[in-house]
Amino acid sequence: MHFKPDDTHNPDLQSWVESANDPASDFPIQNLPLCAFEVTHGEGEHRHSHAHPGVAIGDQILDVGMLVESGWMDREAPEDLIDALQQPYWFGIARSPRLVHDLRVVLQRFLAAGAGGGQQIRRLRDKAVRPLAETKLVPPLPIFNYTDFYASVHHATTVGSMFRPDNPLLPNYKHVPIGYHGRASSIVISGTPITRPKGQQSPPDSDPSAGPSFGPCKLLDYELEVGAYIARGNELGEPVPIALAHDHLLGLCLVNDWSARDIQKWEYQPLGPFLAKNFATSISPFIVTMDALRPFRRAAMERPAGDPKPLPYLSDPDDQSHGGFDITLEAFLLTEQMEAKGLPPHRLSKGSFKDMYWTFAQMLTHHASNGCNLQPGDLIASGTVSGHTPDSRGCLLELTWDGTNPDGKPKPRKPIQLPTGETRTFLADGDTVIFKGACEREGWRKVGFGECRGKVRG
Ligand code: CA
């Protein structure tokens, strides 16, 4: 995998899609995140729809499928790229980092300002872009397997301190990337409403003899995470050496791992998360490719003195020097009252992905280290991204935590105050949670992730 920026990251590149040249845009010509959108044909009972591959550019979507069908690609792209684009979604190009890069080069040629061209090319330009706001996006790849990790040491420490104030981190944490198998069928794209789950809850602390109950979740939470799509898979029984792990990653997205804390508390021992987690997981609609992220790579988090070194199968000098990503992540809340009053979403937290204890290459290599076969389109999520400051905590469980009293009992949770005078300890029906993510660095164009949004309904 190449980590160094190249000509495709030149900040002076501009597009004839004017909105892409706005410095505030998430989607300049240097980004070109992969997506898929629904195209409908026919009328009445002959009406049918299918997914087209596209990339975001400014406030538009470029229909990559149309560039192939129009014959433009035949003149401009290498044959193996055209063959790869014949396959559904992005499965064809996901297999090879070179094809992902070739696609980036070819699409920049089509989208670059001042590229000239006759009437035919101008007509194709008009036809091949459509407003993002009027486009129905679908997941960019069908996701067959989903794994959720726990890679933020700050999140693990704060959550651990709620249960073990004197010894918050379990002894395995700094040796083994902790994860569990999630459920792929309930992954939904940004904008999909989230139904409050029902589930079994523990007897109340005040009356343990009352027994457990079943009903709507009372402690509904979000978890702000980053997801990585697997590009190339590995055969069953064949691990992925960490030096090659980066070639198996296609790109990143935002993930909301909705969590029912009361259901979780009762069910998680001894096998871990189950129904508290699998009722819905939201993803942002775009895959920001590893290519687009090159200028924003940085060293993996430096382990504090005294921490163990990762075992050799999880150690790689290139990953140590380039395995981190400086992605600014923000979580916002919009209540129905705020919506009615026309108020903007209220920011709950702001943090960065650069402080993760484990890198995606380490998570991937660990996942495949027993021979488990990862497949193109599988999603691995980072776990809640929390920083070391209270305002960078990536879930309400942490944000409203106020520590423990001297007797070791937790203090009452500290509700979040909203501009309407409303307060929240956990999510209410009608609340919308919005995540945003972006990479910004002096001398480079901003590369954004778009939004991951979901509204809770009862
Ligand atoms: Ca999670």
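A few comments on the model shown:
- Accessible solvent surface per residue of the chain, calculated while the other protein chains remain in place, 1.4 angstrom probe, Å²: 45 Å²
- Per-peptide average of other Cβ atoms within 10 Å, ordering 443-450, 300-307, 318-325 highest first: 443-450, 318-325, 300-307
- Computed over segment 7-138, relative contact order equals 29 percent, with contacts defined as Cα pairs under 8 Å that lie 6+ residues apart.
- Value at 222 nm in deg cm²/dmol, rounded to 500, when DSSP H runs of n ≥ 4 in the chain each add -39,500 (n - 2.57): -5000 deg cm²/dmol
- Taking a straight line from the alpha carbon of Lys218, these lysines sit under 17 Å away, with near neighbours fewer than eight places off in the same chain left out: Lys198, Lys265, Lys277, Lys414, Lys455.
- Cut-off under 5 Å, modelled amide H: who pairs with Gln60 long-range: Leu132
- Here's how it looks for Thr281: its modeled amide H is under 5 Å from those of Ile187, Val188, which are all 5 or more places away or on a different chain.
- Accessible-area composition of the chain, carbon plus sulfur, in percent [1.4 Å probe]: 52 percent
- Taking packing as the residue-averaged number of other Cβ atoms within 10 angstrom, the listed peptides 7-17, 215-225, 157-167 run from highest to lowest as 215-225, 7-17, 157-167.
- Using alpha-carbon coordinates, inclination of helix 153-163 to the longest axis of the chain, degrees: 30 degrees
- Computed about the Cα centre, the dipole magnitude for the chain is approximately 680 debye when only Lys and Arg (+1) and Asp and Glu (-1) carry charge, each at its Cβ.
- Where Lys277, Lys136 fall by accessible area, highest first, once all protein chains stay in place (1.4 Å): Lys136, Lys277
- The chain, relative contact order in percent, only Cα pairs under 8 angstrom and at least six apart counted: 21 percent
- Counting only alpha carbon atoms, the long axis of helix 97-111 and the longest principal axis of the chain meet at about 60°.
- Whole-Å distance, taken between Cα centres, linking segment 338-372 and segment 419-456: 12 Å
- Alpha carbon centroid spacing (whole Å) that separates segment 287-334 from segment 374-389: 11 Å
- Burial order of peptide ranges 34-46, 256-268, 285-297 (average beta-carbon count within 10 Å, highest first): 285-297, 256-268, 34-46
The values are calculated or read from the model by the stated rules, or taken from the named source; none is laboratory data. This structure is a prediction, so every number in the text was calculated from the model and none was measured. With ideal geometry, Cβ positions are generated from the backbone for all residues, glycine too; neighbour counts draw on all protein chains shown. We work out accessible area using only protein heavy atoms, side chains counted, and drop any ligands, DNA or RNA first. Shrake-Rupley method; radii C 1.70, N 1.55, O 1.52, S 1.80 Å.
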